[in-house]
Amino acid sequence: MKRWGYILGGLIVWTVHFLGVYVIASIADVVADDGHPLSRAAVGVFTLACLIVAGGLTVVAARRWRRGGGEMGFENAIAATGGAISAISILWQGLPAVVG
Amino acid sequence: MKSETGFDHKLYERFPTEGERPEGELEALEKVWCGPKGWGWFTAINNNYVGILFIGAAFLFFTLAGILALVMRTQLAVPDAGFVGVDTYNQLFTMHGTIMMFLFAVPMVEALAVLLLPQVLGARDLPFPRLGAYALWAYLVGGLIFFCSIFFSLAPDGGWFMYPPLTSKTYSPGINADFWLLGIGFIEISAIAGAIEIIVGVMRTRAPGMTLAKMPIFAWAMLIFAVMIIIAFPSVILATTLMELERLFDWPFFDAARGGDPLLWQHLFWFFGHPEVYIIFLPAAGAMSTMIPVIARHRLVGHPLVVMAMLATGFISFGVWSHHMFTTGMPTMSVGFFSAASMAVSLPAGVQVFAWIATMAAGKMRFNVPGLFILGGLLIFVMGGLTGVMVAMAPFDWVVHDTYFIVAHLHYVLIGGMVFPVFAAIYYWTPFAGRRRLSERTGKIAFWLMFTGMHVTFLPMHLTGLMGMPRRVFTYLPDRGLDLVNLISTVGAFLFALGVLAVIIDLVRNFRPATEGNAGNVFDSPGLEWLPSGLYSTRSIPVVKSLYPLWDNPELMREVKEGRYFLPGTATGERETLITSPLNAEPQYVARMPTPSPWHFWGAIFTAVFFMLLVPSAYGPAAVAGVIAVVCLMGWAWKLDEPMSAETVDVGAGIRLPTYGVGSTSHGWWAMTILLFVAGVVAAMSMFSYVFLWSRRPDTWIDPPAMWSLIVVVGGYVLSIALMLGARKVVRLDRPRMAMIATGMVVLAWAAMAAAWRIDWVTWSGAGLDPTRSGQGATVFSFIGWQGFYVIVCALMTLYVVMRWLRGRVSPARPTSYDVITLFFVFVAAQAGLAALLTRLFPGVVL
């Protein structure tokens with residue numbers, strides 16, 4: 001499971017981010033309104049945190065990928081590029097709270 | 001490379017072996033894997049037979065749904081046409097969409113997996129061949145009954161996504177909607193069975209040495225496809241169950257007047273519905289990634305990126321479902337998140353497209369029939385993807401939602417992303433499955449007719465939609481500017497149909513199924529499926545050292561055929577395959593493969609009949625069919641977990657492996673775990689439904705029963721879990737009477753579970769909760785009802801355990817049956833306990 005966790009790490013962070021922002025907005029909609037400044041701030045902070053984690057995973061995996069190929073090279077490549085795509089998606093998904 | 005299981009990789013150096021193979025070794029292999037004769041053909045389970053039947057069935061449904069489309073286009077060719085009436089038209093578009101999505105698209109790609117995966121992976125067969133055959137027959141029989149409903153004007157008519165309140169009993173009083181609800185329900189069972197088989201197959205039956213890095217891209221695509229199915233499909237299973245409960249018992253899940261919400265249906269449906277289209281696309285993309293390197297004569301550019309892109313598509317596709325609901329008045333922020341995710345999902349799709357283009361550019365693309373369908377599909381898919389990003393922008397979607405623009409978009413992505421790749425795959429892999437390849441000449445004619453017809457049909461629909469023509473209307477008024485565009489679309493549809501007809505003619509003239517003596521590797525492909533094979537797949541299972549084995553080792557074909565690798569004969573004297581570890585594919589044990597039997601066949605028939613008889617409320621005959629289905633499934637299960645002739649066997653080159661897997665090593669354990677994951681998703685979606693309905697109408701919630709009932713209920717479930725875990729330990733003790741004690745513990749575990757369930761039900765009824773009065777009542781009693789179903793299944797498992805004990809089939813050396821049943825019991829009890837905690841503590845104590 002550890003190896004799968006590493007390979008899919010970035011995408012798992014994306015999943016957590018998506019669920020998190022959806023839950024925050026849904027709770028805000030029930031309690032007050034979804035555009036409430038506190039809700040936006042919460043999404044912003046959560047997005048930043050997820051970006052840092054996804055970005056960190058990407059950097060770690062990219063460094064390992066650069067160090068060597070072989071069997072782990074394949075897994076490092078997926079972890080690094082998956083992390084990068086996730087980071088871009090997390091940033092994009094967090095934007096509605098900032099610009100919306 | 002570090003070993004995953006302790007297997008010494010140096011042992012691979014013993015292969016290929018040298019010297020003469022023992023006399024009669026190949027003949028013994030052929031005898032054990034021989035094909036069925038006469039009527040036994042119906043009970044065949046070998047993937048070579050089941051795969052062809054499955055593909056044929058899916059193609060049949062494609063053709064039938066296509067004919068429905070032609071009828072629709074005829075009706076829409078001119079304004080105010082009277083070709084069909086409005087009621088028939090409603091049934092036509094509903095059936096077209098439903099059959100294409102549920103009876104063609106997913107089954108077709110599953111069928112490709114059934115036919116190809118074992119050979120692609122170097123396995124003898126899929127890990128649960130009877131399950132695959134069961135899935136086929138349930139799907140075929142049920143699908144045909146479902147299709148025939150249109151001849152009696154009983155076909156569902158609420159659109160392929162069947163939104164309430166239109167499909168509630170008030171506005172759809174007939175049984176049309178029930179056909180859809182019950183029909184789709186069992187088709188999903190078939191799809192999930194296939195998904196379980198694919199996951200276990202890809203993860204546990206790969207040829208030794210086929211690490212994740214060397215796993216073919218088609219296998220990656222099918223793995224991701226199957227995992228997506230087990231996450232997405234439970235949502236629609238739950239939705240159809242809740243809708244049927246509402247229609248049958250008047251439980252208001254979707255009735256806003258009584259605390260339900262029609263949007264709950266939309267959330268549940270689209271949580272399935274959007275991943276569904278990627279479930280359809282990914283295997284076709286995997287096929288494209290397999291075929292393009294061969295046709296272009298160049299290895300796939302960016303192989304790891306393509307794998308990552310498929311994984312990313314699988315993940316992100318679960319975050320976009322509400323883009324189908326932009327016009328429902330969702331909170332603005334949520335709309336923003338879904339819009340962003342819907343754009344983000346195009347990134348990994350783009351990675352795949354660019355990898356394909358780069359591969360073609362780096363190589364030398366050939367314009368044979370598969371090549372043409374690949375290129376045509378790529379162009380069409382990209383066009384569809386562009387309009388997809390357009391509708392991801394909510395304000396644009398608000399204009400075009402439910403217009404023909406969306407019809408154009410979805411047909412571009414599905415035809416480009418799935419239909420054309422599948423036709424390419426048919427032309428590419430026919431030499432694998434048949435004695436001859438198909439005709440290049442006829443194939444090219446078919447391609448140009450389909451390609452041209454497709455654009456002539458659907459390109460004008462972008463305009464039709466922007467001009468305001470809504471979906472699902474059976475006619476339109478003259479002089480609104482819609483006449484010419486619709487006529488052009490109709491002409492295009494018939495052109496497309498002529499192309500499909502050309503393919504059908506080609507298949508009839510040239511396709512001759514061959515389990516042995518196929519047409520050979522006509523495209524010079526590198527994959528293992530092109531090794532010489534018979535019903536036993538390959539003569540010996542090779543050690544895989546490369547992603548393109550036949551290109552990197554030209555001697556491999558000869559070596560495999562001469563039996564120079566693993567399992568060159570039958571080590572146990574029975575059908576068998578190698579079970580390998582999930583990451584590095586290290587050999588772990590030899591698993592028995594089943595032989596044909598009638599149980600799965602009749603079980604499938606009566607499962608389909610059971611569901612279909614529920615539609616016209618024929619409860620008596622349905623009950624009879626259901627009982628027979630259960631008897632067949634029990635008969636099937638009785639053949640499981642039988643002792644082998646030897647504890648270890650020589651699998652080649654002096655390497656000995658056990659003939660039994662225990663605990664989480666067992667492939668049966670894996671299957672049960674995946675099944676319970678499916679059940680867990682159903683439970684999670686049920687809990688979401690409960691919370692969702694509370695959030696809509698918290699004023700309708702009543703107080704739960706007294707707290708003592710929660711303690712008793714949860715206590716009962718905890719006791720059940722403890723007894724089962726104890727039984728699992730006891731059965732492993734090699735002492736007298738342990739089998740009897742373990743069996744007794746299982747019986748007590750069931751009794752505790754049943755008692756807890758009954759108390760849960762009685763106390764909620766006593767608290768005055770009425771399932772017909774509120775969303776709370778409906779959801780709480782749906783938890784209890786669903787749990788009751790599981791309690792009955794556990795009762796059957798308990799009976800099975802008792803019967804095995806009575807027949808002396810309980811042994812400490814073979815505990816897998818107990819392991820697997822314990823998993824199920826523990827899940828059921830834990831799920832019920834969690835549901836009891838949720839319904840009694842939320843919102844009251846938590847908020």
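Quick one: in the range A:2-99, what % of C-alpha pairs are over 19 Å apart? Of the Cα pairs, 45 percent sit more than 19 Å apart.
Comparing A:LEU11, A:ALA80, A:VAL23 along the charge dipole axis of the range A:2-99, the residue lying farthest to the positive side is A:ALA80, per the Cβ-charge model.
If Rh is defined by the Kirkwood formula over all Cα pairs and Rg also comes from Cα, what ratio Rg/Rh do you get for the range B:29-99? Across the range B:29-99, the Cα-based Rg/Rh ratio is 1.32. Dipole check for chain B: with +1 at the C-beta of Lys and Arg, -1 at the C-beta of Asp and Glu, and the Cα centre as origin, the magnitude is about 1020 Debye. For the protein assembly as shown, what does the alpha-carbon gyration tensor say about shape, rounded, prolate or oblate, given a ≥ b ≥ c as the root eigenvalues, a/c under 1.5 as rounded, and a/b over b/c as prolate? Rounded, since a/c falls under 1.5.
Taking N as the residue count of the range B:530-621, its C-alpha radius of gyration divided by 2.2 N^0.38 Å amounts to 1.68. In the calculated pair-distance distribution of the range B:385-520, the portion above 25 angstrom amounts to 41 percent of the Cα-Cα pairs. A straight chain from B:LYS37 to B:MET803 at 0.36 nm per residue would run longer than the Cα-Cα distance by 272.5 nm. Please label the shape of the range B:46-510 as rounded, prolate or oblate, based on the square roots a ≥ b ≥ c of the eigenvalues of the alpha-carbon gyration tensor (a/c under 1.5 means rounded; beyond that, a/b larger than b/c means prolate, else oblate). Rounded. Taking all Cα-Cα distances within the range B:695-841, those exceeding 17 Å account for 60%.
Take each peptide in B:703-712, A:21-30, count the other Cβ atoms within 10 Å of every residue, and average; sorted highest first, the result is A:21-30, B:703-712. Amide H contacts of B:GLY434: B:ALA514, B:ALA519, each under 5 Å away and 5 or more positions distant or on a separate chain (H built 1.01 Å from N in the peptide plane; Pro and chain starts excluded). Taking the Cβ of B:ASP703 as the centre, find all other residues whose Cβ is under 15 Å away and add up their charges (Lys, Arg: +1; Asp, Glu: -1). Combined, the nearby Lys, Arg, Asp and Glu give 0. Each listed q (0.05, 0.11 Å⁻¹) maps to a log10 I(q)/I(0) for chain B from the Debye sum over equal C-alpha point scatterers, namely -0.28, -1.38. Residue exposure proxy: A:ARG63, B:ARG564, A:ARG3, ordered by other Cβ atoms within 10 angstrom of their Cβ from fewest to most, comes out as A:ARG63, A:ARG3, B:ARG564. Each 5 Å bin from zero up to the one holding the largest Cα-Cα distance in the range B:1-61 carries the following percent of pairs: 3, 12, 12, 12, 11, 10, 14, 13, 9, 4, 0. Skipping prolines and chain starts, which residues have an amide H placed within reach, meaning under 5 Å, of the one on B:GLU576, given they are 5 or more residues away or on another chain? Close amide H contacts, sequence-distant or interchain: B:MET593. A cut-off under 9 angstrom between Cβ atoms defines the neighbours of B:VAL649, and their net charge, with Lys, Arg +1 and Asp, Glu -1, is -2. Taking the number of Cβ atoms within 10 Å of each Cβ as an exposure proxy, the fewest-first ranking of B:ILE406, A:ILE78, B:ILE99 is B:ILE406, B:ILE99, A:ILE78. Scalar couplings 3J(HN,Hα) for the range B:653-661, obtained by applying the Karplus form with A = 6.51, B = -1.76, C = 1.60 to θ = phi - 60°, are 6, x, 7, 10, 10, x, 10, 8, x Hz; x denotes Gly and Pro.
Local charge for B:TYR548 was computed over the other residues whose Cβ lies under 12 Å away, with Lys and Arg +1 and Asp and Glu -1, and equals +2.
Sequence-distant contacts, meaning Cα pairs under 8 Å at least 6 residues apart, place the relative contact order of chain B at 17 percent. Applying a length cut-off of 27 Å (Cα extent along the axis) and a mean Kyte-Doolittle floor of 1.6 to the DSSP H helices of chain B leaves B:217-249, B:369-392, B:483-510, B:619-638, B:707-730. If contacts are Cα pairs under 8 angstrom and at least 6 residues apart, what is the relative contact order of the range B:46-510 in percent? After rounding, I find 16 percent. Selection among B:TRP708, B:PHE781, B:ILE792 by position relative to the dipole of the range B:695-841 gives B:ILE792 as farthest towards the positive end (Cβ unit charges, Cα centre).
Which pairs in the list B:LYS639/B:LYS729; B:LYS37/B:LYS561; B:LYS364/B:LYS545; B:LYS214/B:LYS561; B:LYS214/B:LYS364 are over 32 Å apart, alpha-carbon to alpha-carbon? Over 32 Å Cα-Cα: none of the listed pairs. Ellipticity at 222 nm from helices only: DSSP H runs of n ≥ 4 in chain B, each -39500 (n - 2.57), divided by the residue count, give -21500 deg cm²/dmol. Its Cα gyration tensor gives the range B:123-244 an equivalent ellipsoid, and the semi-axes of that ellipsoid, as √(5λ) in whole Å with the largest first, are 36, 15, 10. Footprinting exposure proxy ranking of A:TRP92, B:TRP180, fewest other C-beta atoms within 10 angstrom first, gives A:TRP92, B:TRP180.
Mean partner shielding of peptide B:303-316, defined as the number of other chain Cβ atoms within 10 Å of each residue Cβ, is 6.
Charging the Cβ of each Asp and Glu at -1 and of each Lys and Arg at +1, and nothing else, the dipole of the protein assembly as shown about its Cα centre rounds to 1580 debye. The relative contact order of the range A:1-79, computed from alpha carbon pairs under 8 Å that lie at least 6 residues apart in sequence, is 39 percent. When a/c reaches 1.5 or more, the comparison of a/b and b/c decides; with that in mind, is the range B:1-152 rounded, prolate or oblate per its Cα gyration tensor? Note, shape of the range B:1-152 comes out prolate. For the residues of A:31-43, the average number of beta carbons from a partner chain within 10 Å of their own beta carbon is 2.
Loop-located trypsin sites (Lys or Arg not before Pro) across the range B:572-651 with a Cβ neighbour count of 15 or fewer within 10 Å are B:LYS639, with loop assigned by DSSP.
FYI, it's all coordinate maths here, none of it is from the lab. Nothing here was measured: the structure is a model prediction, and the numbers come from that model. Cβ sites come from the backbone with ideal geometry, for glycine too, and all protein chains shown count toward neighbours.
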